[in-house]
1. For the subset of the range 141-171 comprising residues that are more than 21 Å from Thr230 (Cα to Cα) and open to solvent by 50 Å² or more (accessible area, probe 1.4 Å), which member is farthest from the ligand (Cβ to nearest atom)?
2. Among the residues that make up the range 99-106, is at least one of them within 14 Å of the ligand (Cβ to nearest atom), open to solvent by 20 Å² or more (accessible area, probe 1.4 Å) and part of a loop (DSSP other than H, G, I, E, B)?
3. Is at least one residue of the range 80-94 part of a loop (DSSP other than H, G, I, E, B), open to solvent by 10 Å² or more (accessible area, probe 1.4 Å) and either touching a Leu at 6+ places or on another chain (Cβ under 8 Å) or of a type in the set (Phe, Trp, Tyr) (or both)?
4. Which of the residues belonging to the range 126-140 are open to solvent by less than 10 Å² (accessible area, probe 1.4 Å) and either within 16 Å of the ligand (Cβ to nearest atom) or out of contact with any helix residue (DSSP H, G or I) (no Cβ under 9 Å at 6 or more places or on another chain) (or both)?
5. For the range 23-39: of the residues being within 26 Å of Thr100 (Cβ to Cβ) and of a type in the set (Asp, Glu), which is surrounded by the most Cβ atoms within 10 Å (Cβ to Cβ)?
6. Please work out which one of (1) open to solvent by 10 Å² or more (accessible area, probe 1.4 Å); (2) within 16 Å of the ligand (Cβ to nearest atom) is the condition Ile184 fails and give its number.
7. Of all residues in the range 40-59, which are open to solvent by 10 Å² or more (accessible area, probe 1.4 Å) and within 19 Å of Asn72 (Cβ to Cβ)?
Amino acid sequence: MEDYFKSGEICKKAREYGITLIKEKAKLLDIAEKIENKIMELGGECAFPVDVSLNHIAAHDTPKFNDDRILNKGDVVKLDIGVHVNGKVSDTAITVEVGTNKYERLTKASEEALDNAMKIIKPGVKLREIGSEIQKTIQKYGFSPIINLSGHGVDEYEVHSKPIIPNCDNNDSTELKENMVIAIEPFATDGEGKVTEGKPSGIYELINEKNTRNNNARKILSFIKEKYKTLPFCERWIIKEFGVGAKLSLLLLERKGIIKQFNVLPEIKKGQVSQAERTVIVGKGVIN
Ligand SMILES: [Co+2]
């Protein structure tokens, strides 16, 4: 339990630090790397690459190694940060608008949905009740929850474990139990309320531990197993360790079905998206 609290504390500090980096003309790559460095400086490890997802992209966008995108005035930035300490994962996200407040209500809708969900979380609460609370709050603002994204349990070296915490009433009457560690993450949108699969993100996860005969790929695979275990990692991190040529090995590992690449997740009607997320230990409270 101690490691979860430690992980949560680092996660919270990384989020607060991250907020200070979000300004006009800031490079997405710098934002992600600075937050990742801060996590390690504070004694944690990244549970997944820092995601900096803009506007209608709801999640899973981490900068590429040579990414030259910058923040522009009016961008709605979702910063999603994961930390682990000895495999104990905490997950948090926040939405910040760059230099404007056009989407203040949209941001407030996901924040308030998170707060309201937190208020009812205790052992015995049904998953559908949490989803319903999130849905009602977001709809009260005139927006839609994104129903095919959800909160989740976290586990040792696992960012997405059971249970699924819905962002709407999904009829799931499973009850929360004392000491479950769960991340609640409402998404609000002025679009349709669904995401689809977009471009490849450069974020990967090990899915099959079979071997490869290719020397370089084998070296990289053993690094991945050792360093990230079953946690997501990104092309950027692998290139930093092995150079740009490692892209070919990643491609090979992906083709062999050893690693899987995630796609970025745009809202289907290109609606603007806000997100808020915290991790909770049921019966103990928020850890980040
Ligand atoms: Co999450």
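The values are calculated or read from the model by the stated rules, or taken from the named source; none is laboratory data. None of these values were measured; they are calculated from a predicted model. Every residue, glycine among them, receives a Cβ derived from its backbone with ideal geometry; neighbour counts consider all protein chains shown. These area figures cover heavy atoms from the full protein model, side chains too; ligands, DNA and RNA do not enter into them. Shrake-Rupley method; radii C 1.70, N 1.55, O 1.52, S 1.80 Å.
1. Gly142
2. Checking the range 99-106: not a single residue is within 14 Å of the ligand (Cβ to nearest atom), open to solvent by 20 Å² or more (accessible area, probe 1.4 Å) and part of a loop (DSSP other than H, G, I, E, B).
3. No: the range 80-94 contains no residue that is part of a loop (DSSP other than H, G, I, E, B), open to solvent by 10 Å² or more (accessible area, probe 1.4 Å) and either touching a Leu at 6+ places or on another chain (Cβ under 8 Å) or of a type in the set (Phe, Trp, Tyr) (or both).
4. Listed by number, the residues that qualify are Leu127, Ile130, Gly131, Ile134.
5. Glu33
6. Answer for Ile184: the failing condition is (1).
7. Leu54, Asn55, His56, Ile57
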